[in-house]
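Input: a single structure, listed below in structure tokens.
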Amino acid sequence: MISFVHMFAKHRVAANLLMVIMIIAGFIGVDRLRTQFFPSFELDIITVSVAWPGATAEDVQEGLTVPIENAIEELAVIDSIDATSQFGSASFRIELVDGANLSQALDDISQRIDQNLTLPEGAEDPMVSSLTRYEDISNLLITGPLTPFELQKLALKAEQELLARGIRKVDFRGLPTREMQIETSAETLASLGLTLDMLADRILTQARDLPAGTAGRDDGERQLRSLEQGRSQTDIANTIIALDGSPVGMRLGSIATVRDRVDPKAPYLTYQGQSAVEIIPQRTENDSTLEMAEITNQWLTEARAQLPEGTELIVLDERWQYLDDRINLLLENGLTGLLFVVIILYLFLNQRVAFWVTLGIPVSFLATLAILWMIG
């Protein structure tokens, strides 16, 4: 250590060059260091979801939930399994033992399910993934003299635009829940040899989305689906219903009335007496909070200029601002402390020594930030 110090004492150019490198590396680290409110940590949790459109909760329990539990419960890396069976799908929350390798556990669970599970007819392939943590960037509110469908359209458009700009996920509160109400008479069903349950099953058979792979990578990976399901009132009305003993089916619209409406039981939001939807852009732990906030604010400025007359886009809460305030507070305190140090040094030391001691403080901080950036 002494010889190392002596070397720099004899070769002043080397010492100054090292200081310049530390300063440059520090500024690069400051620019590229990921900023977030809480530190990142890995959750030892794996989720499994399987869709089985049209299946009852009892069928899902017997055909999916129990077989999957039996297939994976003996794996040593699993600490507990929380399974849920519901209409049309099964979901699992798997907690791993402390110290388990998450990537290896994902592979082991996927392999066990593939080897031991025979999917019922109509069930989709299981989706096995690690639990991704999301953090809110801000809370936005869109409101105005709009119908629920118009409000829903604007909210979904906002989601598409934010995702296209790099926001990882967008959540909603108060988004109108759209539903198709199908009404028919018992006499009509009887004349066709159908019951209400049979009609529902045949509609579900025609209205099914099929998996079509994935797009993206890492935290931004998304499932693709081929949309066979009718989305509009016209699509539903044009659904062909198969009839027993007849080679030709009938349009649903000819035997029933199809109405496009908002679910009256769904929760909703209002703001100053007008309908509203809360939009919540979110980021993953791998994204910089301030970069995601900048993307959101740029979109906010552009989106406000395109809103219909009387419609507002209000910022309710900016979570990223808490982080920005802490960074600014740290900088202000640091500069204030440095000023006091400089004054004290110049009072008790000569100017040359005081200058180099003062310069060493910010250089040390910059070098630390560079190291933090390099080690992730």
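The values are calculated or read from the model by the stated rules, or taken from the named source; none is laboratory data. Everything numeric here is computed off the predicted structure, so don't read it as measured data. Cβ sites come from the backbone with ideal geometry, for glycine too, and all protein chains shown count toward neighbours.
Considered as a group, the residues in segment 64-92 that are more than 16 Å from Ser110 (Cβ to Cβ) and of a type in the set (D, E, K, R) include one that is modelled with the highest pLDDT, and that residue is Asp82.
Residues of segment 56-74 that are in contact with a helix residue (DSSP H, G or I) (Cβ under 9 Å, 6 or more places away or on another chain), of a type outside the set (A, V, I, L, M) and in a helix (DSSP H, G or I): Pro67, Asn70.
Here's the yes/no breakdown for (1) among the polar types (S, T, N, Q); (2) modelled with pLDDT of 90 or more:
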| residue | (1), (2) |
| --- | --- |
| Trp299 | no, yes |
| Leu323 | no, no |
| Thr336 | yes, no |
| Phe340 | no, no |
| Arg352 | no, no |
| Ile361 | no, no |
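Figure legend. Inter-residue proximity from segment 5-23: first residues farther than 21 Å from Phe365 by Cα, second residues surrounded by 11 or more Cβ atoms within 10 Å (Cβ to Cβ) and of a type in the set (Asp, Glu), beta-carbon distance below 7 Å, spacing 6+ or different chains. No pairs are indicated. Among the residues of segment 239-261, is any in contact with a helix residue (DSSP H, G or I) (Cβ under 7 Å, 6 or more places away or on another chain), under 26 Å from Arg202 (Cβ atoms), surrounded by 18 or more Cβ atoms within 10 Å (Cβ to Cβ) and not aliphatic (A, V, I, L, M)? Yes: one or more hits. Among the residues in segment 60-75, are any closer than 30 Å to Ile113 by Cβ, crowded, with 17+ Cβ neighbours inside 10 Å, hydrophobic (A, V, I, L, M, F, W, C) and touching a Ser or Thr at 6+ places or on another chain (Cβ under 6 Å)? Yes.
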